[in-house]
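These notes are about the structure you will find just below.
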Amino acid sequence: MPTAVPPVRGLRIPGAHPWLRFALRRTGRLLVSLWVLVTASFLMIHLVPGDPVRAALGLTAPADLVLARKRELGLLDPLWRQYADFLTGLFHGEMGVSISSRLPVAETIAQRLPATAALAVSAFLLSMLVAVPVGVVMAVLTRRGRRRRAELAFTGTSVVLGAIPDFLLAVGLVYLLAVQTNLFPVAGRDGLGSYVLPVLALAIGPAAVLSRIVRVEMLAVLEADYIRTARAKRLTALRIHLAHALPNAVTATLTLGGLLLSSLVAGTVLVENVFAWPGLGSSIVSSIVAKDYPLVQGTVLVYGVGVLLINTVVDVALALLDPRSTIGEG
Amino acid sequence: MRAARVLLRPVGLAGIGLLVLVVLVAAFGPILWDGRATVVDTDHLLAGPSADHWIGTDNLGRDLFFRVLVATRLSIVLALAATAISIVLGVVLGAAPMLAGRRVGRVITWAVNVLVAFPGLLLVLFFAVIFGVGARGAALAVGLAGAPGFARLCHTLVAGVSERDYVAAARIAGVGRFRVLFRHVLPNVAEPLIVNATMAAGSVLLSFAGLSFLGLGVQAPSYDWGRLMQDGLNGIYIHPLAALAPGLAVILAGLAFNLTGEALAGAFGIGDVATVRTALGQATATELTAPVPGAVLSVDDLRVTLPGVHQPVHAVRGVTFAIKDGEAVGVVGESGSGKSMTALAVADLIEQPARVEANHLVFAGEDLTVPGDPESRRKHLGTSLAIVFQDPMTSFNPAHRIGPQLAEVSRAHQGLRRRAALARAVDRLRAVRIREPERRARQYPFQFSGGMRQRAMIGMGLMGTPRLIIADEPTTSLDVTVQSQVLALLAEVRRDTGAALLLISHDVSVVTDVCDRVLVMYAGRIVEELPAADLRTLARHPYTKALVAAVPDMETDLDRPLAVIPGVPIDPPHVPIGCAFAARCPLADDHCRAVDPPLLADAAGNRVACHKAAPHSVTSKVTA
């Protein structure tokens, strides 16, 4: 139980210390996870059974070409040397050269990342913008067993929408809004209209799941003692719901929102393939099929770093919103 | 029967029905229809739906309907295989801390925690690179990618069970680790594990479809649903059903697993249990009566009804009382006597679906049972009615600083600007003896101690000019020295503001110390009302006497057991016909059990509801 801060005059801001501890702890966790990610993506090429270069170039490739490519990739060096080269390369922003296109991996990624990021971020924003208001309104309308029918309709719809995977939604949306009605382009990235279908396909599921979570969180918060206190202060219903309930409901929502955002990042892979979106998702699949390991390695690394950064940002946001839970721990 | 419980629910029936259908098609589909799914019809390449081909044909003229049916087996088998890999690995990793000792366990738990942070699809792609493209590689990849999640779940479950007594007992008895795991731990975590495995199979099915759809899973000439979708997508302009039909199959099969899981969870009692709610019945007619003159609060026949599981619960069953300006009235009674409900009803804080009725409920000239202008009522109650709740730890909003929480009152009702309202909040904190109020106002509630929070809560009530303070067990959760400080502060505040006090407490001695008059409540009714000074000596109701006798004092013989009130309080939904206290009353007779005694006032204005109460208080003097 947090107790009162000792009333020492002159010694200001007793909070600085825990914040520093939090920063250290969180940075430590980020670094360790990064190390695991980097090492795993380094080892990936070595875990492939058989000869990866032979597999990439095909059985008919001449032996000296395979050997030359191996030397080029550094696969003939001792493992520790390869690992050290890999790490130093990363520090300089180099991720090797693609086996098939002979282009630097970093260049290919830099070219394709913006399209993927734009997709993931807009889908995340859309799902948050829909889920929070819908969840809050449904909580207020249906709390304490009111409006049973509205509650059932909402829960049913959100369960079904949340259960359909994004790539199936994508195919359905293409059929309905592109093939049947010609409202939006079927594929490609060309203007704002081309964003509508992929963003919808990515956002609908998370929005459904998240709105249900927001509602449940809001319902729990609305029964809290401090909401009764706010009502005893005779504040308006709007102020009670928005200023007193919402900030407390949003912490859990944010945690799950962060998880959703990182799965959104991964979900772009499938949706990009449906819409032939020129992002990382289409390139990772083609490079896996083509066994272009350096490119796969780089792409996995970029996705992983994206996920780790999102998790860290969510944790920091949580700490700022609810200093007690995060700062107090450990 | 649990199986019966699963089937009785519509969700369970739908889920298991679908699942049986899917499994049957998976088992017999390839045997029955493989020929029709592979026969090439060159006259109908990429044809639309027709009588021959219900959902058309693919680019080789093969019948898509039968291909979707035949693909069921491969899709389901691969999904189940991947799920099995996840479960086995997950259980091994999750139980590792128990089997391999603490140090190894900690490393594994740490690794699992790092892996869980990455989304499943990313892990799937990672493993797909290692195992290569194809059905077997994809099954391994999906299975391995699902393992960390299962390991986390299993670890939590195992940790929960292994702290139980019987596991500890088995360990102390020298039972080996593996035996403990298989005999004592796993059977006890089996239910949530099965439920989660069922649902996981559904989502594995979906991710497998995704992988095949990307071209990383099942390769031609084999086909599963994902592969069929992939083939159909290119022709979506000409032949949309080729892509949509396998997608629909994926969704149906996924739903079959998920619904079955939900139903199992419900039957195992893991999910929430649906409650039966009843209507509250008809409102009873209320007659308007005049408030007691000179009273800041006048309540006539207050009734509070809550919805119960089987029938409505009458928490407060007709309570009538008044509080004069500046007077302190205490309400005592056991838990469930309706005293807190009375306080909340008086404060107009009881919400739907509970119902509050009264002939009148007049506070400072305004009848709260009559709908009025919400704006002016908010202002009126917000400034002249102060409320102190029982638990100061939970009554402040953890997300806001203390100062703004107080200032809010002045901003909402007194039209003060932010700065002025905050200055008033600091001033009020000083008034309730909080040291360094400027600094404290900037702190969060969790930085305050319980006693300080309760004082801040009183300070919140002082933001306006309270005419009545309702204090619901204000000292119950505080320790004794802090208790007396808070009570002293309440007394001081009343002296300064002239506010009346309604003090709810189960503590007879607190009420006698602080209050002028006492209302004794039992089973939602007032059973006795008398001056607080007379509570120990002149009480007439057997319940009041028992309450007083149960309070130990300096003369209590500590060698003998402390006095208690025999029996248990009535169950609010089951109020007897006669006197509610009869079952516990030493004086009760058949008349008491048959006829509910009315609350009658004597010449001095004291009231009692008891057939056995002596008309003269002198004769009922208690020797406790």
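The values are calculated or read from the model by the stated rules, or taken from the named source; none is laboratory data. Just so it is clear, the model here is predicted, and its values are computed rather than measured. Cβ atoms come from the backbone with ideal geometry, glycine included; neighbour counts cover every protein chain shown.
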* Residues A:Val171, A:Val159: which one is under 16 Å from B:Ala249 (Cα atoms), under 27 Å from the mean Cα position of the chain (by Cα) and of a type in the set (Val, Ile, Thr)? -> A:Val171
* **Candidate set: segment B:204-225, residues that are modelled with pLDDT of 80 or more and away from chain A (no Cβ under 12 Å); chosen: the one surrounded by the fewest Cβ atoms within 10 Å (Cβ to Cβ)** => B:Pro221
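Each row is one residue, and each column tells you yes or no for (1) of a type in the set (Lys, Arg); (2) within 12 Å of another protein chain (Cβ to nearest Cβ).
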site	(1), (2)
B:Ala168	no, no
B:Arg171	yes, no
B:Phe178	no, no
B:Gly202	no, yes
B:Arg227	yes, no
B:Gly235	no, yes
* **Scan of segment B:363-387 for residues that are under 16 Å from B:Arg303 (Cβ atoms) and buried (at least 18 other Cβ atoms within 10 Å of the Cβ), ordered by number** => B:Leu368, B:Thr369
* Structure fact -> Scanning segment B:408-436 for residues that are crowded, with 16+ Cβ neighbours inside 10 Å and touching a residue at least 24 places away in the same chain (Cβ under 8 Å) gives B:Val409, B:Ser410, B:Ala412, B:His413, B:Gln414, B:Arg424, B:Ala425, B:Arg428, B:Leu429, B:Ala431, B:Val432, B:Ile434
* Asked: Among the residues of segment A:68-85, is any over 26 Å from the mean Cα position of the chain (by Cα), at pLDDT below 80 and within 12 Å of chain B (Cβ to nearest Cβ)?
  -> no
* What about B:Ala245, is it at pLDDT 85 or above and more than 10 Å from chain A (Cβ to nearest Cβ)? -> yes
* Restricting attention to segment B:392-414, which residues are facing chain A (nearest Cβ under 8 Å) and more than 14 Å from B:Arg453 (Cα to Cα)? -> B:Ala399, B:Glu408, B:Val409, B:Ala412, B:His413
* **Matching option when the condition is without any contact (Cβ under 8 Å) to a residue 12 or more places away in the chain and either of a type in the set (Gly, Ala, Ser) or within 18 Å of B:Ile76 (Cβ to Cβ) (or both), among B:Ala200, B:Ala209, B:Ala190** => B:Ala190
* Identify the residue in segment A:194-235 that is in contact (Cβ under 8 Å) with a residue 24 or more places away in the chain and of a type in the set (Lys, Arg) and, among all such residues, is farthest from B:Gly461 (Cα to Cα). => A:Arg212
* Asked: Yes or no: A:Arg149 more than 9 Å from chain B (Cβ to nearest Cβ) and more than 30 Å from B:Leu121 (Cα to Cα)?
  -> yes
* Can you tell me which residues in segment A:178-195 are in a helix (DSSP H, G or I) and surrounded by fewer than 17 Cβ atoms within 10 Å (Cβ to Cβ)? -> A:Val179, A:Gln180, A:Gly193
* Confirm whether A:Thr181 is under 17 Å from the mean Cα position of the chain (by Cα), modelled with pLDDT under 85 and either at negative phi or more than 12 Å from every other protein chain (Cβ to nearest Cβ) (or both). => no
* If we scan segment B:59-80, do we find a residue that is within 27 Å of A:Val265 (Cα to Cα), surrounded by fewer than 22 Cβ atoms within 10 Å (Cβ to Cβ) and touching a helix residue (DSSP H, G or I) at 6+ places or on another chain (Cβ under 7 Å)? -> yes
* Options A:Leu235, A:Leu202, A:Leu183: the member that is within 27 Å of B:Pro374 (Cβ to Cβ) and in contact with a helix residue (DSSP H, G or I) (Cβ under 6 Å, 6 or more places away or on another chain) -> A:Leu235
* Starting from residues that are more than 8 Å from chain B (Cβ to nearest Cβ) and under 25 Å from A:Phe91 (Cβ atoms), keep the ones in segment A:42-52 and report whichever is surrounded by the fewest Cβ atoms within 10 Å (Cβ to Cβ). => A:His46
* Taking A:Trp277 and the conditions (1) within 11 Å of chain B (Cβ to nearest Cβ); (2) within 22 Å of A:Tyr195 (Cα to Cα); (3) modelled with pLDDT of 80 or more, which numbered condition does it fall short on, given that it satisfies the others? -> (1)
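If you check B:Val70, B:Val92, B:Val77, B:Val104, which single one turns out to be modelled with pLDDT of 85 or more and farther than 24 Å from B:Val20 by Cα?
B:Val92
Per-residue answers, yes or no, for (1) under 22 Å from the mean Cα position of the chain (by Cα); (2) within 10 Å of chain B (Cβ to nearest Cβ); (3) part of a helix (DSSP H, G or I):
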residue: A:Leu238; (1), (2), (3): no, no, yes
residue: A:Leu254; (1), (2), (3): yes, no, yes
residue: A:Leu270; (1), (2), (3): yes, yes, yes
residue: A:Ser283; (1), (2), (3): yes, no, yes
residue: A:Ile288; (1), (2), (3): yes, yes, yes
residue: A:Lys291; (1), (2), (3): no, yes, no
residue: A:Gly304; (1), (2), (3): yes, yes, yes
residue: A:Leu309; (1), (2), (3): yes, no, yes
* In segment B:117-135, residue nearest to the other protein chains (Cβ to nearest Cβ) [restricted to those that are touching a Ser or Thr at 6+ places or on another chain (Cβ under 9 Å) and of a type outside the set (A, V, I, L, M)] -> B:Pro119
* In segment B:445-456, the residues that are within 8 Å of chain A (Cβ to nearest Cβ) and either buried (at least 23 other Cβ atoms within 10 Å of the Cβ) or in a helix (DSSP H, G or I) (or both) -> B:Phe446, B:Gln447, B:Phe448, B:Met452
* Scan of segment B:589-604 for residues that are in a loop (DSSP other than H, G, I, E, B) and either under 14 Å from B:Ala539 (Cβ atoms) or free of Cβ contacts under 8 Å to residues at least 40 places away in the same chain (or both), ordered by number -> B:Asp589, B:Val595, B:Asp596, B:Pro597, B:Pro598, B:Asp602, B:Ala603, B:Ala604
* Out of the residues in segment A:219-236 that are assigned to a helix (DSSP H, G or I), touching a Lys or Arg at 6+ places or on another chain (Cβ under 9 Å) and crowded, with 20+ Cβ neighbours inside 10 Å, which is farthest from the other protein chains (Cβ to nearest Cβ)? -> A:Leu222
* Asked: Which numbered condition trips up A:Ala68, out of (1) surrounded by 13 or more Cβ atoms within 10 Å (Cβ to Cβ); (2) not in a loop (DSSP other than H, G, I, E, B); (3) not charged (D, E, K, R)?
  -> (1)
* To do: Return yes when B:Val107 is surrounded by fewer than 24 Cβ atoms within 10 Å (Cβ to Cβ) and within 14 Å of another protein chain (Cβ to nearest Cβ) and no when it is not.
  => yes
* To do: Return the only residue of A:Phe154, A:Phe167 being touching a Gly at 6+ places or on another chain (Cβ under 6 Å) and among the hydrophobic types (A, V, I, L, M, F, W, C).
  => A:Phe167
* **Answer residue from segment A:124-146, given it is farther than 18 Å from A:Ile204 by Cα and touching a Leu at 6+ places or on another chain (Cβ under 9 Å) and is surrounded by the most Cβ atoms within 10 Å (Cβ to Cβ) among those** => A:Ala139
